[in-house]
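Only one structure is covered here, and it is reproduced in the block below.
The values are calculated or read from the model by the stated rules, or taken from the named source; none is laboratory data. Keep in mind it's a predicted model, so treat the numbers as computed, not measured. Backbone-built Cβ (ideal geometry, glycine too); neighbour counts: all protein chains shown.
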Amino acid sequence: MVKSHLIIVPCHSIWKIDDGSEPDNYGQSSSHWFLESFQHEGRDHLSFMMHSLLAIEELLNDTEHSLLLYSGSCTKKDAGNVSEARSYFLHARKLLKAVSYGFGLPAALTSHKGISKCCKSINQKMTNQNLTVEELFAKHVGTEEFALDSLDNLLYSLVKFKDSTSSDASKVTISGFGFKKRRFLELHAVAIDYPAEQIKYISYEPQPISIREEDLQTYTQDLEYQEMKNALVPFKADWYALRDPLLQKKQQRNVFGLKPTYKLPFDEAGNDGDDYAFFKNNIQNKMPWSANT
């Protein structure tokens, strides 16, 4: 059957892949991930796992027509040439293999209501579909390993989907932080002319436990403020992240100087800084996924 549904997990870190020396490493500890300082308070590593598991649940709702892509480049020198996407892929496969074989998981995961519930649901759906973990990941899960920001997550994943399936995605599901939903639907989708009404967004926020209940609202408001300051405002001024500060952030993340190996639909078009003119002349109604193509 032809695949038409692209599911994207925008990656935010790199799991320290188990080389056999730490068999109980299922990502349950912050020490199992290459985390930035700001990712510790909200236990972001557990949210990364939820984004992955929620995406796999969505995949299993229509396995034959869907392809899940983890999206994220090699962004940590300490991790070597392991991409964010590849680490998420290997992490989810290891975790779900353990679940399918009935292995006991660490208490930090079994006590996490979301992770525990998703693992059980996924295992049941795979049993009902007579699917093994190996078959699921071989046929229906892949990686996009060049994205350096959220615009790349969407654009590169659409291109990788076409490369992988020989068809364009007629609908997209994104599984990520809810506070980032606006940038995807209101900015990135518009910038590449992907119909926003064909995008479903699955939200799962950071779940801090070390702050008092009365401080949780302040924590959430700060997330929204940082999103506005560091993403919404800059992307409104620079649709395609071609200028600083967005360009500088991408360059800092690209620690190995990697370039996409697939052709983007407007690679040869020059952008002189007028994003709207560039959009009108090179993108609007011209993309393979444009509503009026």
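Quick check, is VAL233 within 20 Å of GLY72 (Cβ to Cβ) and either of a type in the set (A, V, I, L, M) or touching a Ser or Thr at 6+ places or on another chain (Cβ under 9 Å) (or both)? Walk me through how you get there before you give the answer.
Values: within 20 Å of GLY72 (Cβ to Cβ): no; either of a type in the set (A, V, I, L, M) or touching a Ser or Thr at 6+ places or on another chain (Cβ under 9 Å) (or both): yes.
No; evaluated as a whole, the condition is false for this residue.
Which number in (1) modelled with pLDDT of 95 or more; (2) part of a loop (DSSP other than H, G, I, E, B); (3) exposed (fewer than 15 other Cβ atoms within 10 Å of the Cβ) marks the one condition that LEU264 misses?
(1)
Give the number of residues within the range 247-275 that are closer than 15 Å to GLY72 by Cβ and either of a type in the set (Lys, Arg) or touching a residue at least 24 places away in the same chain (Cβ under 8 Å) (or both).
Narrowing the range 247-275 to residues closer than 15 Å to GLY72 by Cβ: 249-250, 252-256, 258, 260.
From what is left, the residues that are either of a type in the set (Lys, Arg) or touching a residue at least 24 places away in the same chain (Cβ under 8 Å) (or both) are 249-250, 253-256, 258, 260.
The number of residues fulfilling the criteria is 8.
Step by step: first the residues of the range 187-215, then only those that are in a helix (DSSP H, G or I) and either of a type in the set (Phe, Trp, Tyr) or farther than 16 Å from ASN285 by Cα (or both), then the one that is nearest to the chain's Cα centre (by Cα). Which residue is that? Lay out the reasoning, then the answer.
Going through the range 187-215, the residues in a helix (DSSP H, G or I) turn out to be 187-191, 196-198, 213-215.
Those still in the list that are either of a type in the set (Phe, Trp, Tyr) or farther than 16 Å from ASN285 by Cα (or both) too: 187, 213-215.
Details: LEU187: 17, GLU213: 29, GLU214: 31, ASP215: 28 Å.
Among those that are in a helix (DSSP H, G or I) and either of a type in the set (Phe, Trp, Tyr) or farther than 16 Å from ASN285 by Cα (or both), it is LEU187.
Which condition breaks for SER100 when tested against (1) crowded, with 18+ Cβ neighbours inside 10 Å; (2) touching a residue at least 40 places away in the same chain (Cβ under 8 Å); (3) not basic (Lys, Arg)?
In the conditions (1) crowded, with 18+ Cβ neighbours inside 10 Å; (2) touching a residue at least 40 places away in the same chain (Cβ under 8 Å); (3) not basic (Lys, Arg), SER100 misses (2) alone.
Would you point out the residue of the range 270-293, among those that are small (Gly, Ala, Ser) and under 27 Å from the mean Cα position of the chain (by Cα), that is surrounded by the fewest Cβ atoms within 10 Å (Cβ to Cβ)? Outline the logic, then answer.
Going residue by residue through the range 270-293, those that are small (Gly, Ala, Ser) are 270, 273, 277, 290-291.
If we keep only those that are under 27 Å from the mean Cα position of the chain (by Cα) too, we end up with 290-291.
Numbers: SER290: 16, ALA291: 12.
Ranking the candidates gives ALA291 first.
Where residues in the range 216-261 are among the charged types (D, E, K, R) and part of a loop (DSSP other than H, G, I, E, B), which of them is nearest to LYS160 (Cα to Cα)?
First, pick out the residues of the range 216-261 that are among the charged types (D, E, K, R): 222, 224, 227, 229, 236, 238, 243-244, 249-250, 253, 259.
Now drop any that are not part of a loop (DSSP other than H, G, I, E, B), which leaves 238, 243-244, 259.
Working: ASP238: 24, ARG243: 25, ASP244: 27, LYS259: 14 Å.
The selected residue is LYS259.
Pairs needed: first member in the range 49-67, within 12 Å of LEU136 (Cα to Cα); second member anywhere, acidic (Asp, Glu); C-beta distance under 9 Å; at least 6 residues apart or different chains.
SER66/GLU58
State the number of residues belonging to the range 64-75 that are out of contact with any Gly (no Cβ under 9 Å at 6 or more places or on another chain) and surrounded by 20 or more Cβ atoms within 10 Å (Cβ to Cβ). Talk me through it step by step, then tell me what you get.
To start, the set of residues in the range 64-75 that are out of contact with any Gly (no Cβ under 9 Å at 6 or more places or on another chain) comprises 64-66, 71-73, 75.
Filter once more, so that each one left must be surrounded by 20 or more Cβ atoms within 10 Å (Cβ to Cβ): 66, 71-73, 75.
Summing the residues that are out of contact with any Gly (no Cβ under 9 Å at 6 or more places or on another chain) and surrounded by 20 or more Cβ atoms within 10 Å (Cβ to Cβ) in the range 64-75 gives 5.
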